[in-house]
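Structure, as structure tokens:
The values are calculated or read from the model by the stated rules, or taken from the named source; none is laboratory data. Everything numeric in this text was worked out from a predicted model, so none of it was measured. Positions of Cβ are backbone-derived with ideal geometry, glycine not excepted, and every protein chain shown enters the neighbour counts.
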Amino acid sequence: MTAAAVTAVSAAESIPRGAWEKLSPPGHPFLNADFFAILERHASAGPACGWQARHWLAGAGGENGQGIVPSYIKSNSHGDFIGDWSWASAYQQLGKPYYPKLLSALPHTPAGGPRLLVGAGDESGATRRCLIETIKDWVASNRLSSWHVALPAADEVEILAAHGLLVSHDVQFHWHDRDYGDFDGFLGAFPAEKRRKVKAERRRVADSGLQIEVRHGDEIAAEEWPTLHRLYASTFDKYGNYAAFSAACLAELATTLGRRMVLFIARDGGRPVAVSICFRSADTLYGRYWGSSSAQHSLHFELCFYQGIAYCLRHGLKTFEPGAGGEHKVARGFAPTIVRSCHWIEDRRMRQLLGQYLERHHQAILTYAAETASHLPFRKTGELTTS
């Protein structure tokens with residue numbers, strides 16, 4: 001395969017559905033034709049908020065494509081989850097432009113997984129190499145500062161690093177089913193004092209009079225979304241950020257993804273007062289958005305953590321990734337997990353400087369993760385894992 005076999009398109013809908021289905025993980029809530037197309041159609045991943053689609057395709061085209069790299073030209077770092085705000089500041093101080101940059105990622109979604117969607121077979125290695133080198137050449141010829149691959153699969157990290165991309169490290173907090181059976185079995189792994197704390201938090205919510213329900217995307221009527229969206233948007237308003245998803249966008253995602261969207265809703269007399277919006281694959285629950293108009297103690301823990309763990313145990317999901325950040329997750333059984341992203345820095349001197357910084361930062365991340373793991377609530381400290 002040659003570089004000429006790689007092309008780019010400016011909309012996810014321009015890629016035939018058959019190619020997405022052939023190359024994407026089956027049943028994944030984000031890596032599919034619909035997720036990208038819906039976000040672009042509703043401008044959640046559109047130029048107005050700094051996302052310009054440039055998806056890369058390898059192969060003969062059409063449904064016989066051999067590779068897809070979903071990507072966006074970015075004019076800011078909102079929704080990236082690669083932690084490069086300080087890099088942009090360093091470029092600015094040196095009088096160099098950092099934006100635009102190219103980002104291969106899930107918009108507004110810090111979930112790890114494949115980023116080089118390549119079919120199996122003898123040509124897969126050549127296809128990946130062709131995609132990577134073509135993208136690097138395009139970044140150089142179009143004078144972009146960099147190309148970033150956010151949270152790729154572990155094997156892709158090694159491939160990208162072999163092509164000269166720098167590797168950054170961060171920590172997320174993930175829950176894993178250790179054959180607990182049910183929620184009581186999960187709590188059985190806690191010492192008595194920590195077990196009582198979780199039970200007390202759950203009891204506060206149970207005694208509050210709020211009703212908790214679990215519903216999937218295809219079980220939510222369109223007219224319910226404006227209320228649920230206001231709860232979701234309230235979290236962003238509280239911290240002075242913007243809510244990337246409109247009510248119409250969430251409604252279309254729910255209808256299209258169906259059971260791959262999971263909502264935990266708290267109601268007061270039938271009226272929604274809090275919601276946690278999650279997504280799921282065959283084996284993983286992804287926590288994404290939370291919002292509340294209620295000041296009920298421990299409600300956030302109940303909807304964002306405990307309900308999700310219970311759902312995983314009922315439905316046989318082995319992993320729960322509740323989103324970026326949050327040391328408070330450790331006390332609820334979420335283990336520090338090192339995640340990685342990859343970065344091609346076009347300027348050679350900046351690439352050297354950032355590489356040195358990332359080496360130092362890696363050691364700091366390892367120390368932080370190990371120290372945090374020592375506070376896990378289990379009777380035996382869980383292992384530090386790497387995704």
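What the table shows:
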{"quantity": "Residue list for the range 258-285, restricted to those being of a type in the set (Gly, Ala, Ser) and not in a strand (DSSP E or B)", "calculated": "Gly258, Gly269, Gly270, Ser281, Ala282"}
{"quantity": "Residue in the range 53-64 that is at pLDDT 95 or above, within 30 Å of His361 (Cα to Cα) and not charged (D, E, K, R) present", "calculated": "no"}
{"quantity": "Residue within the range 185-196 that is within 25 Å of Tyr286 (Cβ to Cβ), surrounded by 13 or more Cβ atoms within 10 Å (Cβ to Cβ) and of a type in the set (Lys, Arg) present", "calculated": "no"}
{"quantity": "Within the range 316-350, tally of residues that are more than 30 Å from Pro97 (Cβ to Cβ), of a type outside the set (Gly, Ala, Ser) and touching a Lys or Arg at 6+ places or on another chain (Cβ under 8 Å)", "calculated": "2"}
{"quantity": "Hits in the range 311-342 - residues which are of a type in the set (Gly, Ala, Ser) and at negative phi", "calculated": "Ala324, Ala331, Ala335, Ser341"}
{"quantity": "Failed criterion for Leu103 (all others in (1) out of contact with any His (no Cβ under 6 Å at 6 or more places or on another chain); (2) surrounded by 15 or more Cβ atoms within 10 Å (Cβ to Cβ) hold)", "calculated": "(1)"}
{"quantity": "Residue match in the range 326-341 (condition: among the hydrophobic types (A, V, I, L, M, F, W, C), crowded, with 23+ Cβ neighbours inside 10 Å and touching a Ser or Thr at 6+ places or on another chain (Cβ under 7 Å))", "calculated": "yes"}
{"quantity": "Test for Val157: is it in contact with an Asp or Glu (Cβ under 8 Å, 6 or more places away or on another chain), over 19 Å from Glu302 (Cβ atoms) and in the same structural domain as Thr7 (by TED's automatic domain parsing)", "calculated": "no"}
